[in-house]
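This report refers to the structure that appears directly beneath it.
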Amino acid sequence: MSNAGPADTWLARAWMLLIASSALYFLADNEADNDLWVHLFSGRRILALGAVPRVDDASYTAAGAAWVDHEWLTQVVFAWLFAHGGGTALWLAKLAVALLTAALLWTLIARHAANWWARGPVMVLALAALSRGYAVRPQIVTALAVAALLVWLDRTPRPSWRTLPAVVAAFTLWSNAHGAVVVGLGILGLYVGQQVVQKREISAIRFVLAATVGACLTPYGADLFAYVVRELSAPHPLSEWQPVQLADPAQRPFLVLLAAWLATLPFARLLRRHWWWALLVAGLAALALRQQRHTPLFALCAAAPLADQADAALAWLAARARFRFSAAATGALAAALAGLATLQLALLGARLAGDGPRLVFEARDYPVGAVRYLASSGTRGNLALPLDWGGYALWHLAPAIAVSLDGRFATVYPPATVEDGFAFFRGDGDPAGARLLDAYPTTLVLAPRGLPTPLDQRPEWHLLYTDETAALYGRDGPPAAAASNAPRGRLPFP
């Protein structure tokens, strides 16, 4: 709501600067996710063997179990990038995918909102919500694919049959890169459903059929869908699979987006024309509230409808309000936005200054010293450890060491095995925790320092190594004479 003129031009430029800085600030994080070691481990093995694994041979609690590696193609790309460029190549690749996703999201928002006070806040909020968990993980492929699919459907009121080969190819790549290809099939199915119901275009079904054919062209065929159904319906102990916590500050961008979308629904123009999009946003809102991991997908799919609704709401207010920003006030607002953008870039620069353009991790979050001890001593055995440490141990110690649990838990480990692992390391005296020692051939245990475990009542187990982060126990070997010093601070990946 500003007068046209130079000040308004500067305001538009300030918003663009803030949007660009927000994309970098929210999506350029360089801290390695705890699953990245598993992805690189899996990708390295596929490259070495020339085949996608079908059964597990890296754990001792689920050895021989079927392994549905629904992310194998992304893992191969990650492993190739790491082999040729280390953590820097991985970080730059993630950033490139993130910025491309942000650019596609911006084209959607700009297409449906003219007012910068609708475009700018929605884009920044969407980027903030998208940033949750935006690490070097296969999920970033799905984020990019969803954004590209929405742009295509938004700009193509009647897709041509000539695009069918491209649809097959795109969904083939997506299904081999990440199992969330089912999200794309759902989006396309809703879109085609409106075409059939509203326009009687029965032939549009061929696009869903083409996409389904492409999604089945994986090492697992149609069984991939059965795996996805099992994963979504199975209980997951991880926080990202739990309901959104209203008091969690990390969830505020999502909650603000959801509240704004609901509050401005009376002004919906886009959703009135495209009810398939309304069903999509409503469904993802329900999923996101139930499981936190879906909040970025909600942000991607709700951004354009929200921008459209905010634009209409601001137009309605402008037609009834007598207040208008003066040129001076508009200029001051532009300066404030530019200042915020500068602050974001300064904070990002400070964050990266000490690390350099590469991936890093906090030493205190991983058993760096204990793993180095196991590697240097040539120890072999079956190592029980918390889920978050499994991938780190696999990358550095396999095949000499087999683990009890790792980031592949949903693709390899039976639910009972997962629960046995979590019960052991809950430290709450749960009698079920002893199953990890009694029901499995465990020979080593790596636990967070100071965490009570069933080992406290097992005299046959003794301490092999300890530092500020972890304590390593074994059934044999000399007890540790003293505490050891482990690395501290932020370390270069891996």
Requested in this report: Could you tell me which of the residues THR142, THR101, THR107 is in a helix (DSSP H, G or I), in contact with a helix residue (DSSP H, G or I) (Cβ under 7 Å, 6 or more places away or on another chain), surrounded by fewer than 19 Cβ atoms within 10 Å (Cβ to Cβ) and on the phi < 0 side of the Ramachandran plot?
Outcome: THR107
Report task. May I ask you to verify whether ALA470 is at pLDDT 90 or above, on the phi < 0 side of the Ramachandran plot and open to solvent by less than 70 Å² (accessible area, probe 1.4 Å)? Result -> yes
Report task. Report yes if some residue within region 247-254 is modelled with pLDDT under 95, touching a Leu at 6+ places or on another chain (Cβ under 7 Å), of a type outside the set (Gly, Ala, Ser) and under 24 Å from VAL182 (Cα atoms); otherwise report no. Result -> no
Report summary line: Taking region 432-466 and the residues there that are closer than 20 Å to ILE401 by Cα and in a loop (DSSP other than H, G, I, E, B), the one that is most open to solvent (accessible area, probe 1.4 Å) would be PRO441
Query raised in the report: So ASN382 fits all but one of (1) closer than 16 Å to THR442 by Cα; (2) open to solvent by 30 Å² or more (accessible area, probe 1.4 Å); (3) at pLDDT below 95; what number is the exception?
Result: (3)
Query raised in the report: Do we have ASP355 as within 30 Å of LEU95 (Cβ to Cβ), in contact (Cβ under 8 Å) with a residue 40 or more places away in the chain, open to solvent by 20 Å² or more (accessible area, probe 1.4 Å) and acidic (Asp, Glu) here?
Result: no
Query raised in the report: Filtering region 195-225 down to residues that are in a helix (DSSP H, G or I), farther than 16 Å from GLY184 by Cα and open to solvent by 40 Å² or more (accessible area, probe 1.4 Å), which residue is modelled with the highest pLDDT?
Result: VAL197
**Report entry** Residues satisfying the stated conditions in region 231-246, i.e. modelled with pLDDT of 80 or more and exposed (fewer than 10 other Cβ atoms within 10 Å of the Cβ)
**Finding:** LEU246
Query raised in the report: Of all residues in region 387-444 being of a type in the set (D, E, K, R) and out of contact with any helix residue (DSSP H, G or I) (no Cβ under 8 Å at 6 or more places or on another chain), which is modelled with the lowest pLDDT?
Result: ASP428
Query raised in the report: All but one of (1) under 23 Å from PHE493 (Cα atoms); (2) over 29 Å from the mean Cα position of the chain (by Cα) hold for PHE409; which doesn't?
Result: (2)
Query raised in the report: Within the bounds of region 126-139, is there any residue that is of a type in the set (Phe, Trp, Tyr), assigned to a loop (DSSP other than H, G, I, E, B) and open to solvent by 20 Å² or more (accessible area, probe 1.4 Å)?
Result: no
Requested in this report: Quick one: in region 6-61, of everything that is among the β-branched types (Val, Ile, Thr) and open to solvent by less than 50 Å² (accessible area, probe 1.4 Å), which residue is nearest to ASN115 (Cα to Cα)?
Outcome: ILE19
Query raised in the report: Pairs, please: C-beta under 8 Å, at least 6 apart or cross-chain, first residue open to solvent by 10 Å² or more (accessible area, probe 1.4 Å) and in region 295-317, second of a type in the set (D, E, K, R) and assigned to a helix (DSSP H, G or I)?
Result: ASP311/ARG119
Query raised in the report: What residue, of ALA96, ALA83, ALA148, ALA169, is in contact with a Gly (Cβ under 7 Å, 6 or more places away or on another chain), open to solvent by 40 Å² or more (accessible area, probe 1.4 Å) and either of a type in the set (S, T, N, Q) or part of a helix (DSSP H, G or I) (or both)?
Result: ALA169
Requested in this report: Quickly run through region 321-345 and pick out the residues that are modelled with pLDDT of 90 or more and open to solvent by 60 Å² or more (accessible area, probe 1.4 Å).
Outcome: ALA335, ALA336, LEU340, THR342, LEU343, LEU345
Query raised in the report: Can you tell which of ALA103, ALA89, ALA48, ALA65 is touching a strand residue (DSSP E or B) at 6+ places or on another chain (Cβ under 7 Å) and either within 30 Å of PRO399 (Cα to Cα) or modelled with pLDDT of 95 or more (or both)?
Result: ALA65
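The values are calculated or read from the model by the stated rules, or taken from the named source; none is laboratory data. Quantities reported herein were computed from a predicted structural model and do not represent experimental measurements. Cβ sites come from the backbone with ideal geometry, for glycine too, and all protein chains shown count toward neighbours. Note: accessible area is taken over every heavy atom of the protein model, side chains too, but ligands, DNA and RNA are not part of it. Shrake-Rupley method; radii C 1.70, N 1.55, O 1.52, S 1.80 Å.
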